[in-house]
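Data first, discussion second: the structure below is written as structure tokens.
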Amino acid sequence: MIVFDLLCGEGHRFEGWFGSAGDFATQRDRSLLSCPTCGSPRISKVPSATRANLGASQPKPARRPDATPAKTPEMEGKDPFAIAQMLYSKMLDELLTKSEDVGREFPAEARKIFYKESPARAIRGQATSEEHDDLVDEGIPVARLPLPPTDKLN
Ligand SMILES: [Zn+2]
């Protein structure tokens, strides 16, 4: 006797006992096999480490839910580009909520923090291109956010 793990087209898994591997193929081809749960005649063997290469034309087993990699529910069904966009906006949100908004004082405040005249902290605000370039020229680490000017920043 030989035992196969079997899978029906609906994803039900069960065991089948056969006289030989050929028995399985014969019974399946004659549609003598059916799922004990739903009666589906579309039965395939579940490949395992020791049995995977025995059959020349094994049907692909149905995709099972527990075989997919772990994802957070909000990423489910989204393409990689959408996920990247989501992570990026999360990062921006975090930056915006954790930094102190100093508005138009940004260039002056960034300079004070750099020269330790103000307590070190994360700040955000507005700077013109010239002010930004001046800060960079002085070696002060500032980053431009590719955000359109919105109320959220003001
Ligand atoms: Zn079934």
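Taken together, the values in this text are just the output of simple stated rules run on the coordinates, not laboratory data. In this text, all values refer to a predicted model and were calculated from it rather than measured experimentally. So basically every Cβ, Gly included, is an ideal-geometry build from the backbone, and we count neighbours across all protein chains shown.
In loop segments of region 92-140 as defined by DSSP, the trypsin sites (Lys or Arg not before Pro) with at most 12 further C-beta atoms inside 10 Å of their C-beta are 116, 121.
Please compute the contact order of region 81-137 in relative form: average sequence separation of alpha-carbon pairs under 8 Å and at least six residues apart, divided by the residue count, as a percent.
It comes to 34 percent, rounded to a whole number.
What the phi angles of region 5-20 give under the Karplus curve with 6.51, -1.76 and 1.60, with θ = phi - 60°, is a coupling list of 7, 10, 9, 8, x, 8, x, 7, 10, 7, 9, x, 9, 9, x, 7 Hz, glycine and proline written as x.
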